[in-house]
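Taking it in order: structure first as structure tokens, then the write-up.
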Amino acid sequence: MIEYNVKSEHAAEFIHDGEIRSTLQYAIEHKNDKALIEEILAKAELGKGISHREAAVLIEVEDKEIEARMYSIARRLKEQIYGNRIVMFAPLYLSNHCVNGCVYCPYHAQNRTIPRRKLTQEEIRREVIALQDMGHKRLALETGEHPKLSPIEYVLESIDTIYSIHHKNGAIRRVNVNIAATTVENYTRLKDAGIGTYILFEETYDRETYEKLHPTGPKSDWAYHTEAMDRAMLGGIDDVGVGALFGLSNYRYDVVGILMHAEHLEARFGVGPHTISVPRIRPADDIDPKDFPNAVTDEVFRRIVAVLRLAVPYTGMIVSTRESQRSRELVLDVGVSQLSGGSKTSVGGYAEGIEDAEESAQFDISDNRTLDEIVGWLLNLGYIPSFCTACYREGRTGDRFMSLAKRGLIGNCCAPNALMTLAEYLEDYASPMVKVEGAKMIERLTQVIPSAKVREITERNLRAIAEGKRDFRF
């Protein structure tokens, strides 16, 4: 009989179906236990996190007053650790060739209607220049799983190409990678190539549902897929990002699964996930979300984000352009710290003249605004759009980053870095109105940097940025 073991190297033991189902039952039985809920909220307020079982209880709470308190605590925790900064990024799709049979993704091998594309290195160069011309500094590299057409060597070559391109004042300073589960050796090669975070979504933690959704291909191996983060850590990648595709299965099961995965990484390696992503299923080429009966409403989506923030307050939380402006505003308010902007989910979607690019999209985008429009929107909401990549390049990764984040100290570096990278964006890429609003924010927030020394250095660097110099960081 399989037993739950948070430190185990075996997926079936650290993502233990019996423990998850027992947790969900416990949550239902205690959703009206006010004394327990008060205890959980008091623990959450300390900023040290709550367990997957405690989080499951909060997911079930129906009292609107308690729900409002959950949101208030989540908002406060996010501000204590990450301030009002929102990190910006964009996905870059290299190829949509795929050997898997995932029934929710139009890249599945049986799809004969979607145009198949794989970017050449020259096309990648054009895509990166287009992204740099928007103002992006951080990319999430995406590709379908195809051992022959998109092998690890192609990914590594593409990363080298991306980092080599400097156009005007543009430079991609961090490449995060979202590719299929692979070997310890290949993760070491990715680490040596200079990637930032390795990202892989579990899709759903429910093994039975997972296997139905992945009937063919390498991804059908639930255990190998679920143990990928362990192999990445063993390969030297200490920043990993987890997530589930909400709408595929019972969202309660997947919230608990995400948190058990985080607890496992913390228990085995001493470092939890650097990021948690919370995508929802979207329409795409031959995919209709109506075929999946577990859709998550905006209200439930907001609660999921808040509870994840309470449970793992140190982690970055990512919401993409899958979400509309309205739904992104709802979750920004309760814990999200990273957003994509000006995104394309097609292979070759950024540069002009790449044939069939628009028809090769992985999913439809809900927020079609430009990066500049999103930057202006964030400024109007009171957030600092940040293009910072300093922690990765200063070696503040893994346990070094987590130590600062958990003690609420990462903001000592992040706040001035955010202001300086925003200043770069305003000088090089912003529309006149955004430039004015951004300059007001920088002026106001520079004056309240707590350390006089840091404030002095920041002000000096801001003057240098206005004179044309770039890439200052703490």
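Just so it is clear, none of the values below were taken in a lab; they were calculated from the coordinates. No experiment lies behind these values; they were computed from the predicted model shown. Glycine gets a Cβ as well: all are built from the backbone with ideal geometry, and neighbour counts include every protein chain shown.
Add +1 for every Lys or Arg and -1 for every Asp or Glu among the other residues with Cβ under 13 Å from the Cβ of Ala452, and state the total. Walk me through the numbers before you get to the answer.
Details: positive: Lys453, Arg455, Arg460; negative: Glu456, Glu459.
Here the count lands on +1.
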(request) For Thr216, list long-range residues whose amide hydrogen, built 1.01 Å from N in the peptide plane, is under 5 Å from its own amide hydrogen. (result) Gly101
(request) Please turn the phi angles of the range 265-272 into ³J(HN,Hα) values with the Karplus equation 6.51 cos²θ - 1.76 cosθ + 1.60 (θ = phi - 60°), one per residue in order, whole Hz, x for glycine and proline. (result) 4, 5, 6, 7, 10, x, 9, x
(request) May I ask for the net charge around Arg309, where only other residues with Cβ less than 9 Å from the Cβ of Arg309 are counted and Lys, Arg are +1 while Asp, Glu are -1? (result) +2
(request) Pop out the ³J(HN,Hα) list for the range 14-21 in order, Karplus 6.51 cos²θ - 1.76 cosθ + 1.60 with θ = phi - 60°, rounded to Hz; leave Gly and Pro as x. (result) 8, 10, 8, 4, x, 5, 5, 5
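In what sequence, highest mean first, do 465-472, 298-305 appear when ranked by Cβ atoms within 10 angstrom? All intermediate terms of the calculation are to be shown ahead of the outcome.
Numbers: 465-472: 14.4, 298-305: 19.4.
Result, highest mean Cβ count within 10 Å first: 298-305, 465-472.
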(message) Using the alpha carbons of the range 79-368, what is the convex hull volume per residue in cubic angstrom, as a whole number?
(response) 121 Å³
(request) Take Thr161, Thr345, Thr197 and order them by how many other Cβ atoms sit within 10 Å, fewest up front. (result) Thr161, Thr345, Thr197
(request) Just name one of Ala74, Ala56, Leu41: the one whose Cα is farthest towards the positive end of the charge dipole of the range 32-83 (beta-carbon charges, Lys/Arg +1, Asp/Glu -1). (result) Ala74
(message) Among Ser277, Ser158, Ala423, which residue has its Cα furthest toward the positive end of the charge dipole of the chain, with +1 on Lys/Arg Cβ and -1 on Asp/Glu Cβ?
(response) Ala423
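Most exposed first by the Cβ proxy, i.e. fewest other Cβ within 10 Å, how do His167, His225, His136 rank? Could the numbers behind the result be given before it?
Numbers: His167 14, His225 20, His136 27.
Ordered by Cβ neighbours within 10 Å, fewest first: His167, His225, His136.
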(request) Can you tell me the dipole magnitude for the range 170-236 around its Cα centre, using point charges on the Cβ only (Lys, Arg +1; Asp, Glu -1), in Debye to the nearest 20? (result) 420 debye
(request) Check each of the trypsin sites (Lys or Arg not before Pro) in the range 60-135 and keep only those in coil by DSSP with at most 13 other C-beta atoms within 10 angstrom; list them in order. (result) Arg112
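According to the square roots a ≥ b ≥ c of the eigenvalues of the Cα gyration tensor, what is the shape class of the range 410-466, taking rounded for a/c under 1.5, prolate for a/b larger than b/c otherwise, and oblate for the remainder? Before the final figure, lay out each step's value.
Values: a/c = 1.99, a/b = 1.85, b/c = 1.08.
Prolate, since a/c reaches 1.5 and a/b exceeds b/c.
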(request) For the chain, give the magnitude of the charge dipole about the Cα centre (Cβ charges: +1 Lys/Arg, -1 Asp/Glu; no others), in debye to the nearest 20. (result) 1560 debye
(request) DSSP loop (so not H, G, I, E, B), at most 15 other Cβ within 10 Å: list which trypsin sites (Lys or Arg not before Pro) in the range 1-44 pass both filters. (result) Lys7
(request) Once you've got the Cα coordinates, tell me which of Lys118/Lys191; Lys168/Lys344; Lys7/Lys148 are over 25 Å apart. (result) Lys7/Lys148
